[in-house]
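See structure below.
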Ligand SMILES: Nc1ncnc2c1ncn2[C@@H]1O[C@H](COP(=O)(O)OP(=O)(O)OP(=O)(O)O)[C@@H](O)[C@H]1O
Ligand SMILES: [Mg+2]
């Protein structure tokens, strides 16, 4: 067994590996919003979130006043349906683990179900576009993506538009299913989005879960991965780019409760502008039964300007010695002056040199996104971010 | 015919603890076609001189001038200096993760030449220069300097010189980290560049072995932040014999 722990913090950010008072595995979960206390902001789970900017999603004062509009371009093999909240398939991937997720679960009226049938390989990516309810409006939603046994597909959930939105997203993978999912948060500047994403992997299933957060006033995405049977393999990738005043929070939890599963987490974020704030929490729990687990998680942040802040908290709990490997690392750094100097000393103008460095920083993740359309779109989005502030 | 004039150059290194004067009045004029060897003990300020010329942000010029064909280099940004014809082969080349060597070289050539090189000519040109330096083709797709050995980094510095065609090249300890064969290959590439271009070379080194391959017209002893003695090739031979001991004392005495 190997355990590596490499933690580097710089002036720009706090990076700490903490073991919370209670094990992550004991966190309460429920479908019922009233079963949760209203959070004050001091709780471990909420301490980084600017509660005032949640617009009441957390305290019951934000009834639905609008709807999320959905348009889907499914691959010919993939089925997209709208179902009522009584559909028995809903809730299969996991229970809400915080009050906003429970509020969303208690409040949504229609759910979107995306199904990739058994032993079917989708011939193209499926894109589901979710348009926000509009400025000043609040909506709750529910999405479930089901890859039945031995199905193979790529699904993009593309969040755009304005308003306040809370939802639960389920990814249910049958035995041997292979799924790539991309959740893009490309919201308008006013948007608030709080999303709990439940990843449930069947035997030998393989999931690549990619979170891309670019826009919005406040975006908080909490993916939780669980394994129903041995042999599961989850790769969780994240790319985020926060501008002035934006709060982007990604809270991951990988719950290894069965043997012979793998998880690999890589999140990279860039920040620029006054008040840009990113939070990354990476909880990995290897329970006593989860022998031969292999896990690694890594978070890197690049702080491009003064006044931006990145918090990064990896947390690895191991309850068995019989694991294959486990490690985590987190680092936050400023623009590397030496890199800029080197590029400029070859005649490359400063602005272009900065772009090369930022593109280089994200390159590692972009290379792992094997849907060309998505990769190209992200490259363009990163270019646009860089252009916007003249970095 | 170009000239690079360094006049009474004083420079500080700026660190979190404050600044400290390293260069204490450097005077040197290099004309195209000339090769000047700068030799000096560790910590005497040789790299500081090269960084000050290139415009590294950590080094602050407090007085003096650097003129390229009469133009004040110190007023130019780092990239402007490179486009004006200065090149620094660094003692410790920097790694830039995620940026491929080929993308980097092409971006640099485009910037320095003022237009993107025609793709077919460019591919051929790069291939040829890489061949001369015994650099295998796979390096083109690797990230700039990332995971390169010391010697591989130095070869790539010279590759960049050959592609960017500077009027003046400062080679800061290009010989360190090179084994015997690599030293020969790299020296040949430098000599070929010298033969085919109007270039002035400042060759910074600690040892005399590279001077057996690249012949200097002038040798300067650098100690305590300034040039303390200048001469011809014979000065290098003398240094090989007796080392820097005498100069270290002299420089310190002079600095009091
Ligand atoms: N970035 C820096 N931070 C702190 N001190 C520095 C820095 N750069 C240079 N110095 C100091 O300035 C002095 C000159 O350093 P420099 O690197 O120019 O010497 P050098 O002659 O190139 O030495 P070497 O032969 O070892 O390459 C040394 O005392 C060095 O410690
Ligand atoms: Mg040096």
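The values are calculated or read from the model by the stated rules, or taken from the named source; none is laboratory data. All of these numbers come straight from a predicted model, not from anything done at the bench. Here the Cβ positions follow ideal geometry from the backbone for every residue, glycine too, while neighbour counts run over all protein chains shown.
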Would you say residue A:285 is touching a helix residue (DSSP H, G or I) at 6+ places or on another chain (Cβ under 6 Å), more than 14 Å from chain B (Cβ to nearest Cβ) and farther than 21 Å from residue B:96 by Cβ? yes
How many residues are within 16 Å of ligand 2 (Cβ to nearest atom) and modelled with pLDDT of 95 or more when one looks only at the stretch B:133-160? 3
Those helices (runs of 4 or more DSSP H) lying entirely in the stretch B:1-113 with at least 2 residues more than 16 Å from ligand 2 (Cβ to nearest atom) and within 10 Å of chain A (Cβ to nearest Cβ): B:78-84, B:101-113
Candidates B:86, B:68 - the one that is away from ligand 1 (no atom under 15 Å from the Cβ), more than 22 Å from residue B:221 (Cβ to Cβ) and surrounded by 24 or more Cβ atoms within 10 Å (Cβ to Cβ): B:86
Checked the stretch A:304-351 for anything within 14 Å of chain B (Cβ to nearest Cβ) and within 30 Å of residue A:286 (Cβ to Cβ); matches are A:331, A:333
Mind listing whichever residues of the stretch B:147-196 are in contact with a helix residue (DSSP H, G or I) (Cβ under 6 Å, 6 or more places away or on another chain), within 16 Å of ligand 1 (Cβ to nearest atom) and outside any loop (DSSP other than H, G, I, E, B)? B:170, B:172
Within the stretch B:161-177, is there a residue that is without any contact (Cβ under 8 Å) to a residue 60 or more places away in the chain and within 16 Å of ligand 2 (Cβ to nearest atom)? yes
Looking at the stretch A:81-108 only, could you name the residues that are touching a residue at least 40 places away in the same chain (Cβ under 8 Å) and either touching a helix residue (DSSP H, G or I) at 6+ places or on another chain (Cβ under 6 Å) or surrounded by fewer than 16 Cβ atoms within 10 Å (Cβ to Cβ) (or both)? A:85, A:89, A:92, A:96, A:102, A:103, A:106
Can you tell me how many residues in the stretch A:182-201 are surrounded by fewer than 23 Cβ atoms within 10 Å (Cβ to Cβ) and under 23 Å from residue A:232 (Cα atoms)? 1
Which condition number in (1) buried (at least 16 other Cβ atoms within 10 Å of the Cβ); (2) away from ligand 1 (no atom under 16 Å from the Cβ); (3) within 22 Å of residue B:46 (Cα to Cα) is the one that residue B:75 fails? (1)
Any chance residue A:379 is out of contact with any helix residue (DSSP H, G or I) (no Cβ under 9 Å at 6 or more places or on another chain), within 13 Å of chain B (Cβ to nearest Cβ) and under 28 Å from residue A:125 (Cα atoms): no
Going through the stretch B:31-65 in order, the residues found to be touching a residue at least 60 places away in the same chain (Cβ under 8 Å), surrounded by fewer than 24 Cβ atoms within 10 Å (Cβ to Cβ) and more than 12 Å from ligand 1 (Cβ to nearest atom) are B:31, B:32, B:33, B:34, B:35, B:36, B:54, B:65
When (1) more than 24 Å from residue A:224 (Cα to Cα); (2) at pLDDT below 95 are applied to residue A:94, the one that fails is (1)
I need a count of the residues in the stretch B:221-234 that are touching a residue at least 24 places away in the same chain (Cβ under 8 Å) and out of contact with any helix residue (DSSP H, G or I) (no Cβ under 8 Å at 6 or more places or on another chain). 1
So, residue B:200, is that one away from chain A (no Cβ under 13 Å), touching a residue at least 60 places away in the same chain (Cβ under 8 Å) and under 20 Å from the mean Cα position of the chain (by Cα) or not? yes
Matching residues in the stretch B:128-146 - criterion: being outside any helix (DSSP H, G or I) and touching a residue at least 12 places away in the same chain (Cβ under 8 Å): B:133, B:134, B:135, B:142, B:143, B:144, B:145, B:146
Give me the residue from the stretch A:352-362 that is within 8 Å of chain B (Cβ to nearest Cβ) and buried (at least 19 other Cβ atoms within 10 Å of the Cβ) and, out of that set, nearest to residue B:143 (Cα to Cα). A:360
